[in-house]
1. Rounded, prolate or oblate: which fits segment B:173-282, taking a ≥ b ≥ c as square roots of the Cα gyration tensor eigenvalues, rounded meaning a/c under 1.5, else prolate when a/b beats b/c?
2. 222 nm [θ] for chain A, helices only, -39500 (n - 2.57) per DSSP H run of 4+, per residue, to 500?
3. Go through B:Gly43, B:Gly100, B:Gly150 and say which Cα lies farthest out towards the positive end of the charge dipole of chain B; charges sit on Cβ, +1 for Lys and Arg, -1 for Asp and Glu.
4. Can you tell me the FRET efficiency between B:Asp136 and A:Asn278 if r is taken as the Cβ-Cβ distance and R0 is 60 Å, rounded to the nearest 0.05?
5. Please check: in the Gaussian network model of chain A (C-alpha springs, under 10 Å), which one of A:Ala134, A:Ala180, A:Ala82 has the largest mean-square fluctuation.
6. Taking amide H positions as placed in the peptide plane 1.01 Å from N, state which residues far from B:Lys130 in sequence (5 or more) or on other chains have amide H under 5 Å from it.
7. Before I look further, what does segment B:1-66 give for accessible area per residue, probe 1.4 Å, in whole square angstrom?
8. Provide a list, ordered by number, of residues in segment B:72-100 showing at least 30 Å² less accessible area with every protein chain present than when their chain is taken on its own, using a 1.4 Å probe.
Protein chains: 2
Amino acid sequence: MQRGEILKIRLTHGSGGKKTEELIRRVFSKYISSDELSRMDDGGIFDKKYVVSTDSFVVNPVFFPGGNIGDLSICGTVNDLASMGAQPLYFTLGFIIEEGFDSSALEEILSSMKKRIEEVGISVISADTKVVEARDPERPGLFINSTGIGRIYREIPGLDAVESGDVVIVTGAVGEHGFAVLSHRLNLTSTIKSDTRPLWSLIKNLLDRIPVKFMRDPTRGGLAQTLNEIVDGRNYGIDIEEGKVPISEEVRGLSELLGIDPLEVANEGCMIVVVSENHAPKVINILRQHPYGQNASIIGRVTDEHPGVVVVRNPYGARRILYKPIGEKLPRIC
Amino acid sequence: MQRGEILKIRLTHGSGGKKTEELIRRVFSKYISSDELSRMDDGGIFDKKYVVSTDSFVVNPVFFPGGNIGDLSICGTVNDLASMGAQPLYFTLGFIIEEGFDSSALEEILSSMKKRIEEVGISVISADTKVVEARDPERPGLFINSTGIGRIYREIPGLDAVESGDVVIVTGAVGEHGFAVLSHRLNLTSTIKSDTRPLWSLIKNLLDRIPVKFMRDPTRGGLAQTLNEIVDGRNYGIDIEEGKVPISEEVRGLSELLGIDPLEVANEGCMIVVVSENHAPKVINILRQHPYGQNASIIGRVTDEHPGVVVVRNPYGARRILYKPIGEKLPRIC
């Protein structure tokens, strides 16, 4: 896409990968800009002590193994705030419901939201409901915007503080959300469940004891997207040991069957954490004490050998470059 | 609708009128509740000095005479914050774009958002973009969630402070937005333009000099909805002088042609203000000094003669009860 060229927006522009970045850089940022937005963090800081983060959830289907769009809309925004070192406190919810949607399905969605709201201890203080025509009257859906305000609990220094020798940790098994939605959409028999869960209590435990350098939850575009965001334009790269990345047997099997790299698939309940090497064993210890951190693993290291590049080494020693996904393998994943 | 009964959500449930209230009371409030939500204000207060307000904008068509969905999404949330006595400061934006939408149309929308953002002096500090299938591939649209955070500039005492004898003021001519969208949708030749505009600077002038008791912007459901929200369950009612309500010739003509009461139609650039009688002349004076308050008028009074009821007296002395609209005359008006 050239500047000034008219393009039609495609599903891939909503993938969270390279195409989304292009749309934001070429179109949105010409008009909507701020210091906070230009940092490309998962939230913006205001009045030095608050973080606000917004996300619209459009996952299709709205119910999937291990969760639903409501559950996801709370957890997703909680995790964005947590990644910024902020305790989630006040939420707003905007519902856009397609005409014909069942009130019983809506109640099931709201009920699972209530559980997560109570688990995290947040308060919903503003809400809005709109109704629009259904795109498929046989299967009306809904969209949920959730915007969360958190108070900074610990300041996270961010990517400027990351340096060669630092350790890259993931708090849980990857690929679960993406493959759960995909297998459900394809009517495959599978036991894979989405990892949708709110990570604040896990992250709080960590922040209480460890000076974390950087965190981000690898949602759209998976590990491949987030790891590349860490090294983009930096004087460091990342080396990943593929054999250390926690991946369930089921996800591995399905990924081989479908030819989809689990490192490129969305997660909704794990966090990438970067710490200095000396803290790494303690981080793993703290994370594994929490039910949401059982599979926490050191998956790689920051290196100055290949700046701006993420390299994955498989268990047989072969190395490949891990690129940012162009578009998400599955549209409307979250 | 009975408790426990399964219903299909209809467009009228998104009207902002009685049906929306029913959906919120019977379904949403069973699961999502808080002190702030139960006040049914246009925003929630947190940490005693901030207000947050969320709104999703789904207006169809996205371009209409006098504005577009982007313009509207900024002004609508600015006005909700202003009605709570809060200075709009930090915004988040969530875009849900239908596949096939033109980037040039998107740029036009973003450009008008930028103008309003600069006019009000707010900062967009978090944003998100998703892409979904179009409901009508020939005419893809988009939805915008805007969530605004403001700092309380003056505390507004609210409905508990309202009493018999108080004066009801509207800051501008009513019905413009609703009839602009409607005439555009029906391909009628009309000069009516939406009143979409951000009211913070107008309201700030007022708050600097007058102790305002209550404010609300009469959007979905128009004056009829908002005036009834003021008297609902209260020991006072409101008398409106229909001849004093500022309505343009064009709106009056179209309302007679179509048989739609302009008091039931959405506005996007005027505010209902309740003050004690002694302040009323000064309020009108202050409002009319601002370009957005040229048509400000005293339209009625709070009375203890008919608690909970809004009565409209026409210029010939005939009286009628003004009810809450059941559903909006036009779906997807904002």
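The values are calculated or read from the model by the stated rules, or taken from the named source; none is laboratory data. In this text the structure is predicted, and so the values were computed from the model without any measurement. Neighbour counts are summed over all protein chains in view; Cβ atoms, including those assigned to glycine, are modelled from backbone coordinates with ideal geometry. Side chains included, ligands, DNA and RNA excluded: accessible areas come from the protein's heavy atoms. Shrake-Rupley method; radii C 1.70, N 1.55, O 1.52, S 1.80 Å.
1. It comes out prolate by the Cα gyration axes.
2. Helices in chain A give a 222 nm mean residue ellipticity of -8000 deg cm²/dmol.
3. Positive-most Cα among the choices belongs to B:Gly43.
4. 0.55
5. Highest fluctuation among the options: A:Ala134.
6. For B:Lys130, the qualifying residues are B:Phe95, B:Ile96, B:Ile97.
7. Numbers: 3070 Å² over 66 residues.
Accessible area per residue, segment B:1-66: 46 Å².
8. Buried by 30 Å² or more upon assembly, which counts only protein chains, are B:Tyr90, B:Thr92, B:Ile96, B:Glu99, B:Gly100.
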